[in-house]
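*Asks:* Take this structure first; my questions come after.
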Amino acid sequence: MQHDVVIVGGSYSGIAAALQLARARKDVVVVDAGQRRNRFAKASHGFLGQDGQAPGAIADQARAQLLAYPTVTWVEGKAVAAMAKDGQFCVTLENGEERTAQRLLLATGVVDNLPDVPGLQERWGRGVYQCPYCDGYELDQGHLGVLATNGFWYHQAMLIPEWGRTTLFTNGIGHPDAEQRAALARRGVTIEEATVSGIDGEGVTVHLQDGRSIALAGLFLVPWTSFASPLADQLGCVLEDGPMGPFIQTDVRKATSVPGVFACGDAARAAGSVSLAVGDGAMAGTAVHQSLVFG
């Protein structure tokens, strides 16, 4: 089917982009696989006007408001391929259906790849967190932990004491030098170098291989991320390496290196949040519309 714009991804950035295009009366189809990145969290914080609301409720309300516009079509399904074809972009869904448009917007998001620590995955978003701005306040200045996972561990360990007394679990990955140790000590961070063997309990209890256990109000880590969709690679979009994983390179108007292809949200940022995703989407939606007018 033919449209003005195909948006792949129906989470916060994709809906925000579609809303701008709908208000410009463009024929837009949103293809959504239904896998919001923050689906594991009980509540979303820091998003103006929606602080503390359930992430799914925010997304459902936004989708209902979007679908009130008659030029918007919502397709539930996974986009598995995209290609330029006769000056258009053709997106193929897993069921073989094709959608074609003059412009393509990737709001495909990323996947958080967690360390292989027993009990960690089950508590992601519910005791184990990434973003202190999103989840730190509710931990009520309790004892917090930082689990080293990649090169971002030092930044996070220095930051988390704003929200509570902090223990850094180096877990064989973080290796603070003398200068870093001194800086962490000034921030009141305790360094724990025993290997983590597992996590369980309310809040979280971190179990160490030497037999000790440390109860925490919450544990923070920075996961490695990977693209939730192969489309950017298929289209040949230029990528950048970020501190947590690759992301799609865009200009200030969210255009990728491939003419006619735009990207927004977590797949097109080094790091993100709901607020940033919505802002990205609004920028991308207006930019896509203006590209249709001015070329």
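*Asks:* Under the rule a/c < 1.5 gives rounded, and otherwise a/b versus b/c splits prolate from oblate, where does region 115-220 land using the Cα gyration tensor? Before the final figure, lay out the partial values.
*Replies:* Details: a/c = 1.60, a/b = 1.14, b/c = 1.40.
The shape class here is oblate.
*Asks:* Taking amide hydrogens as modeled 1.01 Å from N in the peptide plane, which residues meet the under 5 Å criterion relative to Val146, leaving out close sequence neighbours?
*Replies:* HN-HN under 5 Å from Val146: Thr167, Leu168, Phe169, Phe220.
*Asks:* For Gln35 paired with Gln53, estimate the spin-label separation in nm (one decimal), with each label point 7 Å from Cα along the Cα-to-Cβ line.
*Replies:* Distance between label points: 2.5 nm.
*Asks:* Moving on to the next point. Under 15 Å from the Cβ of Ala57, count the other residues' Cβ atoms, weight Lys and Arg +1, Asp and Glu -1, and hand me the total.
*Replies:* +2
*Asks:* For every helix of n ≥ 4 consecutive DSSP H residues, a contribution of -39,500 (n - 2.57) applies; sum these over the chain, divide by its total residues, and give [θ] at 222 nm rounded to the nearest 500 deg cm²/dmol.
*Replies:* So the calculated ellipticity at 222 nm is -7000 deg cm²/dmol.
*Asks:* In addition: Could you give the nm distance between label points at Asp86 and Thr100, where each point is 7 Å from its Cα heading toward the beta carbon?
*Replies:* 0.4 nm
*Asks:* Can you give me the Cα centroid spacing of region 167-182 and region 189-247 in angstrom?
*Replies:* Computed from Cα coordinates, the inter-centre distance equals 16 Å.
*Asks:* So, one more: Rounded to the nearest 5, what is the percent of antiparallel bridges among the DSSP beta bridges in region 115-220?
*Replies:* Just about 40 percent of them are antiparallel.
*Asks:* Helix 12-23 against the longest principal axis of the chain: what's the angle in degrees, Cα atoms only, rounded to the nearest 10?
*Replies:* 30 degrees
*Asks:* Here's another thing I want to ask about it. How much of the DSSP bridge set in the chain is antiparallel, in percent, rounded to the nearest 5?
*Replies:* Restricted to the chain, the bridges split so that about 45 percent are antiparallel.
*Asks:* Further question: Taking the Cα centre as origin and putting +1 on Lys and Arg beta-carbons and -1 on Asp and Glu beta-carbons, what dipole magnitude results for the chain, to the nearest 20 debye?
*Replies:* Details: 22 positive and 30 negative charges, 138 e Å.
The calculated dipole for the chain is roughly 660 debye.
Values in this text are rule-based calculations from the coordinates and carry no lab data. Please read all numbers here as calculations on a predicted model, not as lab measurements. A quick note on method: Cβ atoms are made from the backbone with ideal geometry, for glycine too, and the neighbour counts reach across all protein chains shown.
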